[in-house]
Amino acid sequence: MKKLSARRRHPLAAIVVLLIALAATGGLYAVFAPADKAQADETAQSLAIDEGKKLYAVGCASCHGTGGQGTSDGPSLVGVGAAAVDFQVGTGRMPAQQPGAQVPRKKVIYTQAEIDQLAAYVASLGAGPSVPDEEQYDPAGADIAEGGELFRTNCAQCHNFTGKGGALSEGKYAPTLEDVDPKHIYEAMQTGPQNMPSFPDTTLSEENKKDIIAYLDAVNSDDTVEPGGNALGGLGPVSEGLFAWVFGLGAMIAVAVWVAARTAKAKKS
Amino acid sequence: MSTTNTTAADSRSRGKAPAGERVADWADGRLGIYSLAKANMRKIFPDHWSFMLGEICMYSFIIIILTGVYLTLFFHPSMNEVEYHGSYVPMQGQMMSEAFKSTLDISFDVRGGLLIRQIHHWAALIFLAGMFVHMMRVFFTGAFRKPREVNWLFGFLLFALGMFTGFTGYSLPDDLLSGTGVRFTQGAILSVPIVGTYISMFLFGGEFPGDDFVARFYSIHILLLPGIMLGLMVAHLILVFYHKHTQYAGPGKTNQNVVGMPLLPVYMAKAGGFFFLVFGVIALIAGLFTINPIWALGPYRADQVSTGAQPDWYMGFAEGLVRAMPGWEINLWGHTLVLGVFIPLVVFGLVLGIIAVYPFLESWVTGDKREHHILDRPRNAPTRTAFGVAWVTWYMVGLIGGGNDLIATHFHMSINAVTWFVRIAFFAGPVIAFVITKRICLGLQRRDREKVLHGRETGIIKRLPHGEFIEVHEPLSQEQLYTLTAHEQYRPAEIGPEVDENGVKRKVKGSEKLRAKLSKGYFGEEHQIAKPTVEEYKEITSGHGHH
């Protein structure tokens, strides 16, 4: 004790006390704070961002810029959100193969894990819509008829009555929605990719989006029952007319030729 | 006469005549069927598949009427708003007109309803396509010449009325696709200067869509137009009987006879069988392929529209004309003249009208007042054939325009490029088709001439003693020679001397000059190849310097 009190006026005493106090608070924090989980998340997140950044630098930066700021060849990705990345890369549209009127859907070249990493990186550039949870886009239990009405009001003018797709100006087009993952339909409505307008929750509520997905699931998927037989692409009167001419009238003429070729032979008298 | 027949039969058999004979006698005494049958049972018809195209139309028309009657039993032509609670889940609880609801019910809840609906609609498409091809057969073989001009017009009217009957039927279910089509038509009506708005208000009973048009289109579709068409079709057939059928040139076939088979029993059997074949093909298609799936289209609402909204094919060229036309508009004194729609509307009438009046144009140019019962081979009337192909090209360009969006998406092209193609091809296409077709016809005429004079190429190569190789030509048979040279070749019309015998200058009318010019274009030196004369044939076949 004596020793301690003797040195308490030592010029370095204050520094020693400060060090002890710092060590104590630090130690106490380390002991009591819910540090474990938070720290792990942080690492995973930053790891994902880091990994995403690397993938980004290889696959995306040449058009979107090294920091996602955009260039003359590609738009800025600041604020597009994880949902946009999940849609564009998850449907194979990105990375783009070549410039053109529109970037088509094609083979997906990244794994879902890589897509998540890219999404994490792009989401870190600025706040935007995040990837929806499965319960948000699961069509089970939604109102199909309501979805149909919403689809005809908001979507059919480009995507056709049942989402078979249609033409836009200058070589652009609204793609077919056949067999598109419900998640991607949800994300497309949320983010408005390429020529599509976006339908944020203020325009089409989460419930509405679910209804639309349920409608498409009912009328334009592998399980859709065609009550009238083969639907000829569901494209309307053009394909029907072509079919009537080629196969309908074609069959009629073939039959007519067959009938005419079978002439009654004149009796030999 | 029937009485004497009966007594004669009675006296022979000394008993009652068989039941069939008695029924026939009873009917003859009241309907005169004996003389009718006598005159027509042995009526001769020539045999060729292309003469059966009209039959396809007649049978599909009958099928349409029969299935249409069934559909009227369940269809409610009303635009009252009702809520759907039928068996098609994706429409549950939707508000729709009764017309649309009853069409859904026909499709899902009426026994056989969907099949009948699809037969009705497929048969309509095939009916119109059949009429188009039948009309082209008549056109390209010159079967419209005297005495058949009126029948040509009847046929044309059937086609035109068929278009409108089809259109009104397509509009009845009040679905989103047809509603868009009706809106389109209303727009076309509105574009007519001065009277357009009045006609639109009259037709729709006020502003579009109102709640009248389904009921009105219904009467037009099931009563007015088919009634007229049925009458025209009967008249068309009566004239076919009256004029007798045309035939292709060949040995034994003249302008005065018809070579073929009698109506009874041969053609009754053939035609009866053919009816069932036509019905079978249509039923097969209707059973396997969807047409107009209104359940997928949804009920019409004026605030909704879908891409890919096209009319049925027979209205497709009208759609194409509007799609290709630039959206011109003139605003004068507070009035709008929508040229972007009105011009296509006029052109629509022009395209149809020009083919309708062609027979009269041709008979004016040829000045030929004789009857023609022998058909032309298309190559032997190059200008007519070229005109016909030009017209078909014109029509097809319009059809391409009507489907420009689907062509763009399916062939990965820009819709603007397709539209520009249609704009240019609308003017250039028929001209190019005309020139090319005429060249082909003349080429084929040269080939015929070559065949007549030098025979058929056998493909056998013969080496002569001095080493020369020649191909052996085989002379044609007498029948073939006749068929290839049976056609008559006109000489171009001359205006005649411009001064009369007294040296007074005659006044030459402009129409006369035009006619002479057209006639030269039809039959002038470079516009047909002179068929071989007997002298030429004799000289060549007598064996001087000819292989």
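The values are calculated or read from the model by the stated rules, or taken from the named source; none is laboratory data. Fair warning: this is a prediction, and the values are worked out from it, not measured in the lab. Cβ placement follows ideal geometry from the backbone for every residue including glycine, while neighbour counts extend to all protein chains displayed. For accessibility, only protein heavy atoms count, side chains too; no ligands or nucleic acids. Shrake-Rupley method; radii C 1.70, N 1.55, O 1.52, S 1.80 Å.
General observations
- Residues of the range A:196-237 satisfying the condition of being more than 12 Å from chain B (Cβ to nearest Cβ), under 16 Å from B:Pro90 (Cα atoms), touching a residue at least 60 places away in the same chain (Cβ under 8 Å) and open to solvent by 40 Å² or more (accessible area, probe 1.4 Å): A:Lys210
- Matching residues, the range A:234-249, being of a type in the set (Gly, Ala, Ser) and either more than 9 Å from B:Leu406 (Cβ to Cβ) or not in a helix (DSSP H, G or I) (or both): A:Gly234, A:Gly236, A:Gly241, A:Ala244, A:Gly248
- Scanning the range A:238-252 for residues that are more than 7 Å from every other protein chain (Cβ to nearest Cβ) and touching a Ser or Thr at 6+ places or on another chain (Cβ under 9 Å) turns up nothing.
- Subset of the range B:401-439 [farther than 30 Å from A:Ala101 by Cα and either assigned by TED's automatic domain parsing to the domain that holds B:Met315 or without any contact (Cβ under 8 Å) to a residue 60 or more places away in the chain (or both)]: B:Pro430, B:Val431, B:Ile432, B:Ala433, B:Phe434, B:Val435, B:Ile436, B:Thr437, B:Arg439
- Residue selection: B:Gln489 fails the criterion of being loosely packed, with under 15 Cβ neighbours inside 10 Å, over 35 Å from the mean Cα position of the chain (by Cα) and touching a residue at least 40 places away in the same chain (Cβ under 8 Å).
- Residues that are of a type in the set (Gly, Ala, Ser) and not assigned by TED's automatic domain parsing to the domain that holds A:Thr202 number at least 2 in the following helices (runs of 4 or more DSSP H) confined to the range A:36-148: A:61-64, A:81-90, A:112-125.
- Residue within the range B:74-83 that is within 14 Å of another protein chain (Cβ to nearest Cβ), open to solvent by less than 30 Å² (accessible area, probe 1.4 Å) and modelled with pLDDT of 95 or more present: no
- B:His412 being open to solvent by 60 Å² or more (accessible area, probe 1.4 Å), out of contact with any strand residue (DSSP E or B) (no Cβ under 6 Å at 6 or more places or on another chain) and away from chain A (no Cβ under 14 Å): no
- Selection status of A:Gly165, within 7 Å of chain B (Cβ to nearest Cβ), over 20 Å from B:His412 (Cα atoms), open to solvent by less than 30 Å² (accessible area, probe 1.4 Å) and at pLDDT 90 or above: no
- Some residue of the range A:79-94 being within 30 Å of B:Gly86 (Cα to Cα), of a type outside the set (A, V, I, L, M) and more than 14 Å from chain B (Cβ to nearest Cβ): no
- Count of residues meeting criterion [at the interface with another protein chain (Cβ under 7 Å from one of its Cβ atoms) and open to solvent by less than 10 Å² (accessible area, probe 1.4 Å)] in the range A:146-160: 4
- Residue match in the range B:203-223 (condition: closer than 23 Å to B:Ala356 by Cα, touching a Gly at 6+ places or on another chain (Cβ under 9 Å) and in a helix (DSSP H, G or I)): no
- Flag for B:Phe127 being in a helix (DSSP H, G or I), of a type outside the set (D, E, K, R) and in contact with a Gly (Cβ under 7 Å, 6 or more places away or on another chain): yes
- Scanning the range B:377-395 for residues that are in contact (Cβ under 8 Å) with a residue 60 or more places away in the chain and either part of a helix (DSSP H, G or I) or surrounded by fewer than 21 Cβ atoms within 10 Å (Cβ to Cβ) (or both) yields B:Arg377, B:Pro378, B:Arg379, B:Asn380, B:Pro382, B:Thr383, B:Arg384, B:Thr385, B:Gly388, B:Val392, B:Tyr395.
- Among the residues listed as A:Leu204, A:Leu235, the single one being hydrophobic (A, V, I, L, M, F, W, C) and within 21 Å of A:Lys172 (Cβ to Cβ): A:Leu235
- Positions within the range A:104-139 being in contact with a helix residue (DSSP H, G or I) (Cβ under 8 Å, 6 or more places away or on another chain) and within 14 Å of chain B (Cβ to nearest Cβ), in sequence order: A:Pro139
Results for (1) among the aromatic types (Phe, Trp, Tyr); (2) open to solvent by less than 40 Å² (accessible area, probe 1.4 Å); (3) modelled with pLDDT under 95, shown as yes or no for each residue.
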| site | (1), (2), (3) |
| --- | --- |
| B:Pro262 | no, yes, yes |
| B:Gly272 | no, yes, yes |
| B:Val281 | no, yes, no |
| B:Leu284 | no, no, no |
| B:Glu329 | no, no, yes |
| B:Leu337 | no, no, yes |
| B:Gly353 | no, yes, no |
| B:Val357 | no, no, no |
| B:Ser363 | no, yes, yes |
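- Residue match in the range B:133-154 (condition: in contact with a Cys (Cβ under 7 Å, 6 or more places away or on another chain) and either of a type outside the set (Gly, Ala, Ser) or crowded, with 22+ Cβ neighbours inside 10 Å (or both)): yes
- Of the candidates B:Val258, B:Val305, the single residue that is touching a residue at least 24 places away in the same chain (Cβ under 8 Å), away from every other protein chain (no Cβ under 12 Å) and not in a helix (DSSP H, G or I) is B:Val258.
- B:Lys451, sole failed condition from (1) without any contact (Cβ under 8 Å) to a residue 12 or more places away in the chain; (2) among the basic types (Lys, Arg); (3) under 16 Å from B:Lys531 (Cβ atoms): (1)
- The residues of the range B:492-501 that are at pLDDT 80 or above and exposed (fewer than 10 other Cβ atoms within 10 Å of the Cβ) amount to a single one, B:Glu494.
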